[in-house]
Amino acid sequence: MGWTFEIPIWGITLIFLSGIGLLFIWAWFNNKIEELNSEQEPKFLNYTEDEFDNILYKWEYELNYDDKYSPTNFTPFCPDDNCILHYGKCPICNRNFNRYFKDNSELEKIVIHKIQNDLIEESEIKN
């Protein structure tokens, strides 16, 4: 003796449409999670330039092996002309900055110190 039962077409359609609806909800939810994660980048990543000893330095950040950001690629600029210094001298105004240079290790320590001690001014953060 076997069991038989009938499923109406509207029942199959309802199950099918429910599955599609759940798929759309899942995709929307994943999209929202990705948006939240991308919005939560640390604010200090927009702190990419500052003036130290009358020289404007610009840099970028790289994510290192332990998921921490480190400032890198420090480039010195003339604070007056915003021009990259060439061997410590501004090619525009011919001002010499050689004796004021800081090395990359020192600059990295200064930037990290300012970030960790919340010493970054709002005006120093680019949007």
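Quick notes on this structure:
- Estimated FRET transfer efficiency when R0 is 25 angstrom, pair Glu108-Asn46 (beta carbons, to 0.05): 0.90
- Counting only alpha carbon atoms, the long axis of helix 9-39 and the longest principal axis of the chain meet at about 10°.
- Net length gained if the chain between Tyr69 and Ile9 were fully extended (0.36 nm per residue, minus Cα distance): 15.9 nm
- With Cα atoms, 0 to 90° folded angle of helix 104-116 axis to the chain main axis: 60
- Within the chain: Cβ-based charge dipole about Cα centre, in debye rounded to nearest 20 (Lys, Arg +1; Asp, Glu -1): 200
- Ordering Tyr47, Ile20, Tyr61 by the projection of their Cα atoms onto the charge dipole of the stretch 14-63, which places +1 on the Cβ of Lys and Arg and -1 on the Cβ of Asp and Glu, puts Ile20 at the extreme positive end.
- Sparse-neighbour loop sites [chymotrypsin sites (Phe, Trp or Tyr not before Pro); the stretch 35-83; at most 15 other C-beta within 10 Å; DSSP]: Tyr65
- The eigenvalues of the Cα gyration tensor, multiplied by 5 and square-rooted, give the chain an equivalent ellipsoid with semi-axes of 60, 15, 12 Å from largest to smallest.
- Spin-label pair Cys83-Tyr100: with each label point 7 Å from Cα along the Cα-Cβ axis, the two points sit 1.6 nm from one another.
- Modelled this way, with points 7 Å down the Cα-to-C-beta line, the labels at Ile25 and Lys58 are 4.9 nm from one another.
- Within straight-line cross-link reach of Lys114, lysines at Cα separation under 21 Å, skipping those fewer than 8 residues along the same chain: Lys43, Lys58, Lys68, Lys102, Lys126
- Loop-located trypsin sites (Lys or Arg not before Pro) across the stretch 40-88 with a Cβ neighbour count of 15 or fewer within 10 Å are Lys68, with loop assigned by DSSP.
- Rounded to the nearest 500, the 222 nm mean residue ellipticity of the chain from helices alone is -12000 deg cm²/dmol, with -39,500 (n - 2.57) taken per DSSP H run of at least 4 residues.
Read-outs: derived from the displayed coordinates by stated rules, not from any lab. Nothing here was measured: the structure is a model prediction, and the numbers come from that model. Methodologically, a virtual Cβ is constructed for each residue, glycine included, from the backbone with ideal geometry; neighbour enumeration extends over all protein chains shown.
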